[in-house]
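Chemist: One structure is given below, represented as structure tokens, and several questions about it will come after.
The values are calculated or read from the model by the stated rules, or taken from the named source; none is laboratory data. The shown structure was predicted, so the numbers you read here are calculated from the model rather than taken from an experiment. Every residue, glycine as well, gets a Cβ built from its backbone with ideal geometry; the counts of neighbours run over all protein chains shown.
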Amino acid sequence: MDAVNSASEETTAQKDRKAARLSTLVAITIALVATFLGVCKVKDDNIVQAMQQAQADKVDHWEFYQARNIREEIANATAEELRLAASAAGAAQQSDYRKSIATYEALAADQAVKKEEVRAQAEQDQKNYDSLNYRDDQFDLSDALVAIAISLLAMTALTHKRWLYGLALIPTAFGVLFGLAGLLGLHIHSDWIAKMLS
């Protein structure tokens, strides 16, 4: 009888040790993943701020483009009106008309050049936004996968099922992969997951 009780106590003690080891693994994994998630969150917040700035810059540059375009059109229209008026004016006024026409033509040419510069800036702002959005998607994927992993780890802590811990490591690994890709600017992205989550 004592042998049976002793064997039973050893089995129970062995199960308790395994459960304690698994609980320790779960706790360490959650602590590491949560810390990693915090670091990613700080970087992601900075990226979102940069995205907002790129979007604002793009809108400003397109507004400047429109303003330059209007100035160019007005200068061209004014030069054309002056050319028409010059054709009906006397010889004494032709010099004044030529000077005014040249001034407005120069203004129109200057606005055309500046308009193209602003257009290029607006297009670059869009490229910057797209690049930042790519990285933001990486952090979003990382957040989602790490949240799933933490949920599975919590279930592991409650049930003490070792296979559940192994299952939790799958979204953990992918979450860390996407988080590192976002932190390091690596081109690892899953468009279909991003589209599903957006």
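Chemist: Name, by its number, the condition in (1) closer than 30 Å to Ser190 by Cα; (2) loosely packed, with under 14 Cβ neighbours inside 10 Å that does not hold for Gly90.
Modeler: Failed condition: (1).
Chemist: Specify the residue that is farthest from Ile28 (Cα to Cα); the eligible residues are those in region 142-181 that are surrounded by fewer than 18 Cβ atoms within 10 Å (Cβ to Cβ) and of a type in the set (S, T, N, Q).
Modeler: Looking at residues that are surrounded by fewer than 18 Cβ atoms within 10 Å (Cβ to Cβ) and of a type in the set (S, T, N, Q), I get Thr159.
Chemist: In region 46-57, is there at least one residue being part of a helix (DSSP H, G or I), within 14 Å of the chain's Cα centre (by Cα), at pLDDT 90 or above and of a type in the set (Val, Ile, Thr)?
Modeler: There is at least one residue in region 46-57 that is part of a helix (DSSP H, G or I), within 14 Å of the chain's Cα centre (by Cα), at pLDDT 90 or above and of a type in the set (Val, Ile, Thr).
Chemist: Let me ask something else about it. Name the residue, out of Tyr97, Tyr104, that is touching a Ser or Thr at 6+ places or on another chain (Cβ under 8 Å), within 24 Å of Glu73 (Cβ to Cβ) and free of Cβ contacts under 8 Å to residues at least 60 places away in the same chain.
Modeler: Tyr104
Chemist: Residues in region 56-75 that are surrounded by 14 or more Cβ atoms within 10 Å (Cβ to Cβ) and out of contact with any helix residue (DSSP H, G or I) (no Cβ under 6 Å at 6 or more places or on another chain): how many?
Modeler: Total meeting the criteria: 3.
Chemist: Could you tell me whether any residue of region 185-193 is buried (at least 18 other Cβ atoms within 10 Å of the Cβ), among the hydrophobic types (A, V, I, L, M, F, W, C) and part of a helix (DSSP H, G or I)?
Modeler: Within region 185-193, not a single residue is buried (at least 18 other Cβ atoms within 10 Å of the Cβ), among the hydrophobic types (A, V, I, L, M, F, W, C) and part of a helix (DSSP H, G or I).
Chemist: Further question: Output yes when any residue across region 154-161 is of a type in the set (Lys, Arg), part of a helix (DSSP H, G or I) and at pLDDT below 95, and no when none is.
Modeler: no
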